[in-house]
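Worksheet: the structure to be examined is printed underneath.
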Amino acid sequence: MKNQFVADILYMIANLLDLKGEIFFKTRAYRIAAQTIEALDEDIEKLVNQGRLESIPGVGEALAKKITELVQTGKIEYLERLKKEVPTGLIDLLGIPGLGPKKVAALYKNLGITNTQELREAANKGELRTLEGFGEITERNILRGIQLREKTSGRVLLNVAYEDGTRYLTYLKRCKQIEKINIAGSLRRMKETIGDLDILISSKNPETVMEYFVDYPEVAQVLAKGTTKSSVLLNDNLQVDLRVVEEKSYGAALQYFTGSKDHNVTLRGLAIRKGYKLNEYGLFDKNTEKYIAGKTEEEIYKKIGFPYIEPELRENRGEFEAAKKKKLPNLVGYDEINGDFHVHSSWSDGSDSIETIASVAQQLHYSFIGITDHSQSLKIANGLTEDRIQKKLQEIKTLNKKFPNLRILCGTECDIKTDGTLDYSNKILKQFDFVYIGIHTAFKMDKETMTKRIIKGMDNGQADFVAHPTGRLIGKREPYEVDLEQIIDTAKETDTRLEINSFPDRLDLDDTHVKLAKEHGVQFVLGTDSHSINHLDFMIFGIATARRGWLEKKDILNTYSLKDIEKILGA
Ligand code: DGT
Ligand code: CA
Ligand code: CA
């Protein structure tokens, strides 16, 4: 966990040095070290304690000293000094998508811009386009970047909240005074970004529980502490709200604090029509105030006339109507996935060998793993040329003998070129067990051209799956312009499956698009887009998105038996 923290600080130093206009190789050293530490399997604290920091490639004596200082004291004197030399607002500007240190430095030097407000005003007045290296497009992108950041500001990606929540729960469960405990709020609904974490507990001894809650070692600040409600801020700035309730209200409170707010408002209305009153303490008779239910969520939904509704469905997107008609989906389970279709190996830009990936896949009890390296024109990602494909196929053939209970499938993530042709000839594509196609360059096409480009790729006859169909990066890059309805129709016609990319920054397709595509009869695949074995665990976030998109087991190829998958793909 500390690794990311150390890496972030090193990136920050690099950015500040860039802002100050330092020479290139100095900042480069910090960035390379940050990247390495981010991807490191070992705990950085352990390396510090054993004095082994300099064994990390790119970390020399000076840097090792700074990292040691950071791990031991929580800060770096050098960084504190740097921060004083650069206006603080500029550091904040670096967080706007599309703005790097060079551009920020230019804005400061030429227009005296030191914060977002000034930047927005200057962009709206058309002043940015006058600067060297800027233009109308840059100006527009900067305005979009500001909007994008505002939309997600103060929220964290699902995986961050999930990991924080899991650790906090493990800690809390050691407290003997706790009877029941659950995550509630948007994390229980597995939303793609999380504003704050909500935890619910039932206990006869709330004071002790609250003491224990605020004593958690990762707490940076206690925001409020009472007997029924407390809030803390964790070291990574995520807020956590805790409520402690009596057992007879536990189900009602869990239902209430799980949300969503829209779902709750509708449910409360439905309760009233049945002569009840619903709040976080229970379900009551509207007239006599008599307690009717509240111990479990099930009994509350049942009394109001519904079956249990899974948290991922509670977004007021038709779940009540579907439940009334007995048409609620039987959601795909978190344990029903037999493998991962989207994994990069060290043959292209992944950091692990196919053998290492296969052995982790085996530990995950997968029956298959799809290795999808990049195609030849993506030179920056070390895309595979034809002769390297042959060698890779050979390696996979050999490895398959070594892993009798796992089928390693040789796939590709083939680039769709700007004219819609694919990056390999059909003759080459036929040699793969399956083919993903995807956009990796020229994101800024107009909607019609981009839609035609992707459809042409899907029409090629060799494409099995479309990777990350909209290309968005949550909080960092808007989806490219594309007519998704047309993509969905083509997917249906050509029997091409759409991916739910499970990498937490992507979750692409998103939940609402998944639901839409399913309603049009489209089928799906899940892929983590792993570039390291540490990413293979991201599968859970893809499954969550599938569940939020109302998918059942049969909608997702990854749940099929290996035999059926081989038959469908002709692999
Ligand atoms: P977040 O934290 O922004 O990612 O989203 P939530 O859904 O976790 O929202 P949060 O933490 O503000 O509140 C947790 C739940 O409590 C929310 O999902 C529903 C419930 N809740 C909060 N405020 C209200 C309210 O004014 N009315 C109703 N019906 N429910 C509320
Ligand atoms: Ca919340
Ligand atoms: Ca909350």
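The values are calculated or read from the model by the stated rules, or taken from the named source; none is laboratory data. Keep in mind that this is a model prediction, so the values were computed, not measured. Positions of Cβ are backbone-derived with ideal geometry, glycine not excepted, and every protein chain shown enters the neighbour counts. SASA here: full protein model, heavy atoms, side chains in, ligands and nucleic acids out. Shrake-Rupley method; radii C 1.70, N 1.55, O 1.52, S 1.80 Å.
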Next on the checklist: Scan segment 167-181 and tell me whether some residue there is within 11 Å of ligand 1 (Cβ to nearest atom), of a type in the set (Ser, Thr, Tyr) and touching a residue at least 12 places away in the same chain (Cβ under 8 Å).
Outcome noted: no
Item to check | Selection from segment 36-46 of residues that are open to solvent by 90 Å² or more (accessible area, probe 1.4 Å) and touching a residue at least 24 places away in the same chain (Cβ under 8 Å) | outcome: Asp41
Checklist entry - Going by the conditions given, is Ser230 within 16 Å of ligand 2 (Cβ to nearest atom), of a type in the set (Gly, Ala, Ser) and farther than 20 Å from Asp262 by Cα? => result yes
Checklist entry - When you look at Leu242, is it surrounded by fewer than 16 Cβ atoms within 10 Å (Cβ to Cβ), within 16 Å of ligand 3 (Cβ to nearest atom) and in a strand (DSSP E or B), yes or no? => result no
Checklist entry - In segment 180-210, which residues are closer than 19 Å to Ala224 by Cβ, of a type in the set (A, V, I, L, M) and away from ligand 3 (no atom under 13 Å from the Cβ)? => result Ile201, Val209, Met210
Checklist outcome for this item: Val222 passes all but one of the listed conditions (1) in contact with a Ser or Thr (Cβ under 8 Å, 6 or more places away or on another chain); (2) part of a strand (DSSP E or B); (3) more than 16 Å from ligand 1 (Cβ to nearest atom); (4) touching a residue at least 12 places away in the same chain (Cβ under 8 Å); the exception is number (4)
Checklist outcome for this item: Those helices (runs of 4 or more DSSP H) completely within segment 476-571 that have 2 or more residues that are surrounded by fewer than 19 Cβ atoms within 10 Å (Cβ to Cβ) are 484-494, 511-519, 562-569
Item to check | segment 164-211 - residue that is of a type in the set (Ser, Thr, Tyr) and either outside any strand (DSSP E or B) or within 16 Å of ligand 2 (Cβ to nearest atom) (or both) and, of those, farthest from Val245 (Cα to Cα) | outcome: Thr193
Checklist entry - Quick check: anything in segment 220-238 at pLDDT 95 or above, of a type in the set (Ser, Thr, Tyr), away from ligand 3 (no atom under 14 Å from the Cβ) and surrounded by 16 or more Cβ atoms within 10 Å (Cβ to Cβ)? => result no
Checklist outcome for this item: Note on segment 157-190: residues of a type in the set (Phe, Trp, Tyr) and either touching a strand residue (DSSP E or B) at 6+ places or on another chain (Cβ under 6 Å) or open to solvent by less than 30 Å² (accessible area, probe 1.4 Å) (or both) are Tyr168, Tyr171
Checklist outcome for this item: Counting only residues in segment 245-265 that are among the β-branched types (Val, Ile, Thr) and assigned to a helix (DSSP H, G or I), the one farthest from Tyr216 (Cα to Cα) is identified as Val265
